[in-house]
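As structure tokens, the structure follows; a few thoughts come after it.
Just so you know, all these numbers are worked out from the coordinates, no wet-lab data involved. Just so it is clear, the model here is predicted, and its values are computed rather than measured. All Cβ positions, glycine included, derive from the backbone under ideal geometry; neighbour counts span all protein chains shown.
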Amino acid sequence: MKAITVEPKKPGAARVEDVPEPDAHYGSVLVEAVAVGVCGTDVEMVEGKYGWAPPGKKRLVLGHESLGRVIDPGPASGLKKGDLVVGIVRRPDPVPCPHCAVGEWDMCSNGQYTERGIKQIDGYMSERWRIEPEYAIKVDPTLGILGALLEPTTVVAKAWETVKMIGQRSFWEPRKALITGAGPIGLLAALIGVQHGLEVHVLDRVTSGHKPDLVKALGATYHSTNVENVGFEPEIIIECTGVGSVIGESIQKVGAGGVVCLTGVGTGGITSRAAVADISAAVVLKNNTVVGSVNANKRHWYKAGEALARADRKWLECLITRREKPENFKQALDRKPDDIKVVIQFSDI
Ligand SMILES: [Zn+2]
């Protein structure tokens, strides 16, 4: 079968190649790939900046934002032939650490977790893949190809849960949330914010095109200014850019008792003008919380599935701006200005 593979840490070594059918040790459920979303992590892996091959192998099958159709449910999975499923990405570490031991692999504390398509386990960019029944998430069949948005939605489902848990340490009836960045993560964060009944504001650099339209279609407000100049004090900021200046301004802008949840991963960039002790003083004096959030456990996968199932299908469809064939995967990874989410489509749906 065909698969898109990389040689981790070797730039430009990605290719479509013939690989053996998925090995039984990957799990008893056999799935035909429908589509796999691409994100910044895939781009970094193709550029040789990130990724680990399975033990004893040189190459890794890429892909972690999966969507597939069950060909063979195997014994006792509760799945049926034809069901749409998405594969959970992370697996607990073998020790396991206390978090992994209780199923909170997203909080793994020893770093020895593995991840499909990223760290030591083949991913989902192959014509067929296998999965353990307990790591296969059944998707609402009416979502169709939109099920490929589930993995990025899990990231924001966890971020929102984290914000709520922190907020509830004291009286907590937030009204206004600011999302920084209107990429797929930011837009999905905005969707969940609106579903929670909040007044949602989204900030991004672009002034026209899909992003402002999608924000307005949610009933949220679009801003193309700095965080400093949004004109109100959000109680919640979900930071999805990873840009230093945006992070710095967010920490200073959030209202008293507010929560800034960082989900973006960046490096270097512009240094914030404010000194660390000044930022810290603002956080202390306003009882604010700055929290990082990455990955997701099974509870978040379930919540993300619920959020997508409730969402307007036409709006979700606008998030998938391009579909490419596996042989054109390089085009899929080449980010164009109007792209929101690009998927590699393996079979019709
Ligand atoms: Zn662990």
> Can you list, bin by bin at 10 Å, the percent of alpha carbon pairs in segment 138-213, starting at 0?
Replying inline: 17, 44, 30, 9, 0
>> Given segment 174-325, report the % of alpha carbon pairs whose separation exceeds 28 Å.
In response: 20
> Summing +1 for each Lys or Arg and -1 for each Asp or Glu, what net charge is found among the other residues whose Cβ lies under 14 Å from the Cβ of Gln168?
Replying inline: -1
> Assuming a viscosity of 0.890 mPa s and a temperature of 25 °C, what translational diffusion coefficient in µm² per second does Stokes-Einstein assign to segment 33-89, Rh being the Kirkwood radius over Cα pairs?
Replying inline: 184
>> Could you work out the percent of alpha carbon pairs in segment 80-225 separated by over 20 Å, rounded to a whole number?
In response: 61
> Near Arg90, within a Cβ-to-Cβ distance under 15 Å, what is the net charge of the other residues, with Lys and Arg +1 and Asp and Glu -1?
Replying inline: -3
> For Arg299 and Asn328 in the same chain, what is the full-extension length gain: residue separation times 0.36 nm, less their Cα-Cα distance, in nm?
Replying inline: 7.0 nm
> Which order do Met165, Met1 fall in if you start with the one that has the fewest other Cβ atoms within 10 Å?
Replying inline: Met165, Met1
>> For Lys253, Lys138, which order do you get if you count the other beta carbons within 10 Å of each Cβ and list the fewest first?
In response: Lys138, Lys253
> Which lysines have a Cα lying under 20 Å from the Cα of Lys298, excluding residues fewer than 8 positions away in the same chain?
Replying inline: Lys119, Lys138, Lys158, Lys164
> For segment 274-339, what is the Kirkwood estimate of the hydrodynamic radius, computed as the reciprocal of the mean inverse distance between distinct Cα atoms, to one decimal in Å?
Replying inline: 16.7
> Bin by bin, in steps of 10 Å, what percent of the Cα pairs in segment 303-349 do you find, going until the bin that has the longest distance?
Replying inline: 24, 43, 30, 3
> For Asp338 and Ala101, what does the FRET efficiency come to when R0 = 35 Å and r is the distance between their Cβ atoms, rounded to the nearest 0.05?
Replying inline: 0.20
> Cα convex hull of the chain: mean projected area in nm², to one decimal?
Replying inline: 17.5
> In a shell of Cβ-Cβ distance under 11 Å around Pro184, excluding Pro184 itself, what net charge do Lys and Arg (+1) and Asp and Glu (-1) give?
Replying inline: -1
> If you wrap segment 23-159's Cα atoms in a convex hull and average its projection over all directions, what's the area in nm²?
Replying inline: 8.7
>> Can you compute the helix-only [θ] at 222 nm over the chain? Use -39500 (n - 2.57) per DSSP H run of at least 4 residues, normalise by all residues, nearest 500 deg cm²/dmol.
In response: -7500 deg cm²/dmol
> Any idea what the relative contact order of segment 29-148 is, in percent, if you count C-alpha pairs under 8 Å spaced at least 6 apart?
Replying inline: 36
> Label Arg310 and Ser208 with points 7 Å out from Cα along Cα→Cβ: what is the distance between them in nm?
Replying inline: 3.5
>> For the pair Trp172/Arg15, report the inter-label distance in nm, with labels modelled 7 Å from Cα in the Cβ direction.
In response: 5.1
